[in-house]
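*Asks:* Shown below is the structure under consideration.
The values are calculated or read from the model by the stated rules, or taken from the named source; none is laboratory data. Since the model is a prediction, treat every value here as computed from it, not as a measurement. Please note: Cβ atoms are built from the backbone with ideal geometry, for glycine as well, and neighbour counts cover all protein chains shown.
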Amino acid sequence: MIQIENLSMIFSHGTPNENIALKNIDLNVSGGDFITIIGSNGAGKSTLYNVIAGSRIPSSGRIFIENGNGRRDITRDAEYKRARYIGRIFQNPLLGTAGKMSLADNMMICHKKGYKSLKISLNSKMKEQFREQLRVLGMGLENRLGDNVDLFSGGQRQALTLLMTVMSRPSLLLLDEHTAALDPHNAELIMNLTLKFAAEYKLTVMMITHNMNQALQYGNRLLMMDSGEIILDIDSAEKNKLTSADIVRRFKDIKKQELANDEMLLS
């Protein structure tokens, strides 16, 4: 579904501040995968998302997407073009909705994908369609179509962002710590909705998380990133046997081996 070949991202290349954010990444994501991604701050997780989504053009390497239209090289496609088939949800619940607009208008923008004459098409039939979609969230938002979205809680706004994103039927959904800013109750609610929508809409999902238990509990594949590289790629069968302590131990073993290799090169 997504193929990434020899992908690198270097900031301030050739200067004293040069930073290799991604280093020779090779990654194949199959349709229907639910991949959890872990790694410390600065490991390259968000940069990987930026490159996939098109908000950053890589320094080298290529990105391909394969869907009903065949295999296409999207390495240099603009972000707005990729938004047709790649959805992204951020950690901040306020980023996915327009707070000063009504819930109905937010839904209409998603439905029409930017159509300007919102009120013309916002008839009773369309409102009822939106109510039906909002009922799935179980938050009573179907009764608040006229309220501005900035009146909603963080959990409600993130649930709404998730709903509007899947309404656009993306081929790939990028989740960037989308439950991290929520309290435990709302985080669990959002994760349950995520699983429901992923199954219902047959989405391919990549989810960054700092929660090790989440990373092990959800999905069919686990990636660990460090220093711009994917250092672990664990499938479902293996992942189901692991604990958080096992993952930490593997990370330490990899770092010890890297240190030993560096010492050999210097000797």
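Yes or no, residue by residue, for (1) at pLDDT below 95; (2) in a strand (DSSP E or B):
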| position | (1), (2) |
| --- | --- |
| ASP26 | no, yes |
| GLY32 | yes, no |
| ILE37 | no, yes |
| LEU48 | no, no |
| ILE52 | no, no |
| ILE63 | no, yes |
| ARG72 | yes, yes |
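*Asks:* Another question, if that's okay. Among the candidates GLY138, GLY96, GLY155, which residue alone is out of contact with any Gly (no Cβ under 7 Å at 6 or more places or on another chain), closer than 29 Å to ILE37 by Cα and surrounded by fewer than 19 Cβ atoms within 10 Å (Cβ to Cβ)?
*Replies:* Answer to the selection: GLY138.
*Asks:* May I ask you to say which residue of THR161, THR165 is of a type in the set (S, T, N, Q), touching a His at 6+ places or on another chain (Cβ under 9 Å), buried (at least 21 other Cβ atoms within 10 Å of the Cβ) and closer than 21 Å to PHE90 by Cα?
*Replies:* Among THR161, THR165, only THR161 is of a type in the set (S, T, N, Q), touching a His at 6+ places or on another chain (Cβ under 9 Å), buried (at least 21 other Cβ atoms within 10 Å of the Cβ) and closer than 21 Å to PHE90 by Cα.
*Asks:* Report the residue count in segment 209-238 for those that are free of Cβ contacts under 8 Å to residues at least 24 places away in the same chain and touching a helix residue (DSSP H, G or I) at 6+ places or on another chain (Cβ under 6 Å).
*Replies:* Number of matching residues: 1.
*Asks:* When only residues in segment 74-95 that are in a loop (DSSP other than H, G, I, E, B) and among the hydroxyl-bearing types (Ser, Thr, Tyr) count, which is nearest to the chain's Cα centre (by Cα)?
*Replies:* Per the stated criteria, the residue is TYR85.
*Asks:* Let me ask another. Could you please find all residues in segment 201-247 being part of a loop (DSSP other than H, G, I, E, B) and either among the basic types (Lys, Arg) or within 29 Å of PHE11 (Cα to Cα) (or both)?
*Replies:* If the condition is that a residue be part of a loop (DSSP other than H, G, I, E, B) and either among the basic types (Lys, Arg) or within 29 Å of PHE11 (Cα to Cα) (or both), then LYS202, THR209, HIS210, ASN211, SER227, GLY228, LYS241 are the ones that fit.
*Asks:* Let me ask something else about it. Return the residues of segment 174-196 that are buried (at least 21 other Cβ atoms within 10 Å of the Cβ), polar (S, T, N, Q) and either over 21 Å from ALA98 (Cα atoms) or touching a strand residue (DSSP E or B) at 6+ places or on another chain (Cβ under 8 Å) (or both); say none if nothing qualifies.
*Replies:* THR194
*Asks:* Got a sec? Which of ALA215, ALA237 is exposed (fewer than 11 other Cβ atoms within 10 Å of the Cβ), at pLDDT below 95, of a type outside the set (Phe, Trp, Tyr) and closer than 16 Å to ASP33 by Cβ?
*Replies:* ALA237
*Asks:* Answer yes if at least one residue in segment 108-117 is among the β-branched types (Val, Ile, Thr), over 22 Å from the mean Cα position of the chain (by Cα) and surrounded by fewer than 19 Cβ atoms within 10 Å (Cβ to Cβ), and no otherwise.
*Replies:* no
*Asks:* What pairs can you find where one residue is in segment 158-173 and under 17 Å from SER102 (Cβ atoms) and free of Cβ contacts under 8 Å to residues at least 60 places away in the same chain, the other is aromatic (Phe, Trp, Tyr) and surrounded by fewer than 22 Cβ atoms within 10 Å (Cβ to Cβ), and their Cβ atoms are less than 8 Å apart, with a gap of 6+ or different chains?
*Replies:* LEU163/PHE197
*Asks:* If you don't mind, there's one more thing I want to ask. Given the criteria among the hydrophobic types (A, V, I, L, M, F, W, C) and touching a Lys or Arg at 6+ places or on another chain (Cβ under 9 Å), does MET207 qualify?
*Replies:* no
*Asks:* Continuing with this model, one more query. Checking the condition on the phi < 0 side of the Ramachandran plot and in contact with a helix residue (DSSP H, G or I) (Cβ under 6 Å, 6 or more places away or on another chain), which residue from MET206, MET167 passes?
*Replies:* So the residue among MET206, MET167 that is on the phi < 0 side of the Ramachandran plot and in contact with a helix residue (DSSP H, G or I) (Cβ under 6 Å, 6 or more places away or on another chain) is MET167.
*Asks:* Can you say whether LEU265 is modelled with pLDDT under 90 and either buried (at least 20 other Cβ atoms within 10 Å of the Cβ) or not basic (Lys, Arg) (or both), as far as the supplied structure shows?
*Replies:* yes
*Asks:* To continue, here is another question. List pairs: first in segment 29-58 and aromatic (Phe, Trp, Tyr), second in a loop (DSSP other than H, G, I, E, B), Cβ under 6 Å, 6+ apart or cross-chain?
*Replies:* PHE34/GLY219; PHE34/ASN220
*Asks:* Given the conditions (1) within 16 Å of the chain's Cα centre (by Cα); (2) in contact (Cβ under 8 Å) with a residue 12 or more places away in the chain, and given that ASN192 satisfies all but one, which numbered condition is not satisfied?
*Replies:* (2)
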